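S.K.: Here it is, the structure in full.
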């Protein structure tokens, strides 16, 4: 190839390390192995990372699996525990409790979703909760865990799982992987960003020690501030606080209590103006309160958080302010934003790391040359925007459907208008028990079903096919499904025992 006509990207500069930066570096290092592409991460060891998100969804395992990393090795390196879903306490009113599991419910028949049969039984007075037909949910409630079957004998055996992990250790693990693959790391503060005068593209990062780091493509993983995408390139931000009122969090780590077995789920408990998380790791626990500063003072927020920690605090709670929304354009000129620089919703459904994963996949699929063709950038931006909007709608659903009436916060959430895309989904569910599927959806119908049922939102009509089934036969079939779940749960080891196989020092 004539060197003068070679328009390939030769250098990628990742601005910031942390979870987003090192996930990007590891993935690009693996993907472009054997090519002339160089990858450099510029981060300062003097600057801390946000590090709030320690809960993930199952896509994390597919991300590191593509790197050739095994579950057991990642869990050892990150002090991880298993996560089968999210347990929502007091969201549908004080004393309520339901789980959003990573898996299916029951068995579909003749192409008709299982929930239609469950709803028919419910109308006849059967009060069996939907969770009873989910192996993932029942294992979580029983404190059990085992790997899903590679060849599940029936849909009743299908579930998925994710990790609770130490995000700092995860970033370190991926840094070692990336550096072993040839990624270069520069430890320095960034003093500024220099743009090319002829077209406004980024030419180089200017470091505090006087050095410059030039590149063809820059990936902004600098956090909320968006050092390149926002501050240097001036890309604006779409504020979604009219639908997502929480704008602050206090986060604190705590020591595990002796004898406490880590739960295989994330616990989120509704509080007066937001919610509290509890995330069990092998070596400690993560705690935090997400809240609306318009409804709750910092002092009151701390008063709600500190008595309900999962153990003795290891530090003072750290306040984190955020603005729910997304960058108007995730890709501008020769800069792609990934992670918090591209936007942030809130940690309710553990989507921050998942959105990093999907952004990296998009970048790999739409990787440009130095011409930076507009159709590539436009497609990346469209996919990014649509995906963020779909995740936004799913999170809004939690607030809109709440059934609390004890504070202005929850009443305001229930009364708010929602985006048309979400209203359409809710309306179709109410009318027919059906699901709307958009492109770039992170959450599938089973997840929406978990929320609808958890908040007691039931449709006015169901699929008429269910009326063709004999009541006694249907009752027997549902009983057999529940029994299959019960038997599988009984065979599964305790979550603590499963973890002890990874690390014998955890055994009692």
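The values are calculated or read from the model by the stated rules, or taken from the named source; none is laboratory data. On a predicted model such as this, the values are computed, not experimentally measured, just so you know. With ideal geometry, Cβ positions are generated from the backbone for all residues, glycine too; neighbour counts draw on all protein chains shown.
S.K.: Kindly indicate the residue of region 422-442 that is within 22 Å of the chain's Cα centre (by Cα) and surrounded by fewer than 15 Cβ atoms within 10 Å (Cβ to Cβ) and also farthest from residue 361 (Cα to Cα) among those meeting that condition.
M.R.: 437
S.K.: Identify all residues within region 143-167 that are modelled with pLDDT of 95 or more and not in a loop (DSSP other than H, G, I, E, B); write none if there are none.
M.R.: 144, 162, 163, 164
S.K.: Considering only region 168-193, state which residues are outside any loop (DSSP other than H, G, I, E, B), in contact (Cβ under 8 Å) with a residue 12 or more places away in the chain, in contact with a strand residue (DSSP E or B) (Cβ under 9 Å, 6 or more places away or on another chain) and surrounded by fewer than 23 Cβ atoms within 10 Å (Cβ to Cβ).
M.R.: Answer for region 168-193, where residues must be outside any loop (DSSP other than H, G, I, E, B), in contact (Cβ under 8 Å) with a residue 12 or more places away in the chain, in contact with a strand residue (DSSP E or B) (Cβ under 9 Å, 6 or more places away or on another chain) and surrounded by fewer than 23 Cβ atoms within 10 Å (Cβ to Cβ): 175, 184, 185, 186, 187, 190, 191, 192, 193.
S.K.: Looking at 501, 411, 479 in this structure, which one is modelled with pLDDT under 95, part of a helix (DSSP H, G or I), loosely packed, with under 15 Cβ neighbours inside 10 Å and over 24 Å from the mean Cα position of the chain (by Cα)?
M.R.: The match here is 501.
S.K.: Looking at 138, 121, 107, which one is in contact with a strand residue (DSSP E or B) (Cβ under 9 Å, 6 or more places away or on another chain) and either within 25 Å of residue 491 (Cα to Cα) or buried (at least 16 other Cβ atoms within 10 Å of the Cβ) (or both)?
M.R.: When all the criteria are applied, what remains is 138.
S.K.: Are any residues in region 381-408 surrounded by 14 or more Cβ atoms within 10 Å (Cβ to Cβ) and more than 17 Å from residue 438 (Cα to Cα), and if so, which ones?
M.R.: Residues satisfying the conditions are 398, 399, 400, 401, 402, 403, 404, 407.
S.K.: I've got another one for you. Sort out for me the strands (runs of 3 or more DSSP E) sitting completely within region 217-259 that have 1 or more residues that are under 14 Å from residue 15 (Cα atoms) and within 24 Å of the chain's Cα centre (by Cα).
M.R.: The qualifying strands (runs of 3 or more DSSP E) are 217-220.
S.K.: Which of the strands (runs of 3 or more DSSP E) contained wholly in region 286-391 include at least 3 residues that are closer than 27 Å to residue 62 by Cα, in contact with a helix residue (DSSP H, G or I) (Cβ under 7 Å, 6 or more places away or on another chain) and modelled with pLDDT of 95 or more? Reasoning before the result, please.
M.R.: Working: elements: 318-321, 325-327, 335-337.
Counting at least 3 such residues, we get 335-337.
S.K.: With the requirement that a residue be surrounded by 18 or more Cβ atoms within 10 Å (Cβ to Cβ) and farther than 16 Å from residue 14 by Cα, what does region 196-214 give you?
M.R.: Within region 196-214, none qualify.
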